[in-house]
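Novice: One structure is given below, represented as structure tokens, and several questions about it will come after.
The values are calculated or read from the model by the stated rules, or taken from the named source; none is laboratory data. What you see is a predicted model; the values in this text were computed from it and never measured. Every residue, glycine as well, gets a Cβ built from its backbone with ideal geometry; the counts of neighbours run over all protein chains shown.
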Amino acid sequence: MTPKLFRFAYTCEFLLALAAIFTAWPEIGGEASLALMHWGFKLGFGFVLAAAVVGFTNTILTSENVISWRSVGWLGAILALLIGMGVVTYYYTLEEESGDSDEPSGTVTIYYPCTPATGAYS
């Protein structure tokens, strides 16, 4: 294959990896925890993981052996990113389950400062 076809194939793989990551992550981690998550985490982890998958594929195709130090390094980067995604998702799952609400708890006492005290005029 020519280098232009390789670039096209890597671009298609990157886009396919992005679609797979952003489809599988809510299914695995839960949509509610991803709704709470900051958009930078989702975008950063998704793009970097897709790029690491493309780098791993490139290393496998260009090296003579399938298992090389570069391919092991890319595989380690992919695993580290997956663990990072799991940790961040777990943190936001715990935040979701803590149940912190904006509503006050307990009873509400209403104080009317302009009313006379009981027994003042009797």
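Novice: Do we have Thr57 as at negative phi, touching a Leu at 6+ places or on another chain (Cβ under 9 Å), part of a helix (DSSP H, G or I) and surrounded by 13 or more Cβ atoms within 10 Å (Cβ to Cβ) here? Even if it seems obvious, please write down each step before you answer.
Specialist: Numbers: at negative phi: yes; touching a Leu at 6+ places or on another chain (Cβ under 9 Å): no; part of a helix (DSSP H, G or I): yes; surrounded by 13 or more Cβ atoms within 10 Å (Cβ to Cβ): yes.
Criteria not met by Thr57.
Novice: Follow-up. Can you list residue pairs whose Cβ atoms sit under 7 Å apart, with the first residue in segment 69-90 being surrounded by fewer than 12 Cβ atoms within 10 Å (Cβ to Cβ) and the second being part of a helix (DSSP H, G or I)? Count only pairs 6 or more apart in sequence or on different chains.
Specialist: Going by the 7 Å Cβ cut-off, there are no qualifying pairs.
Novice: Same structure again: In segment 19-35, which residues are at pLDDT below 95, surrounded by 11 or more Cβ atoms within 10 Å (Cβ to Cβ) and small (Gly, Ala, Ser)?
Specialist: Gly29, Gly30, Ala32, Ser33 - these are the residues of segment 19-35 that are at pLDDT below 95, surrounded by 11 or more Cβ atoms within 10 Å (Cβ to Cβ) and small (Gly, Ala, Ser).
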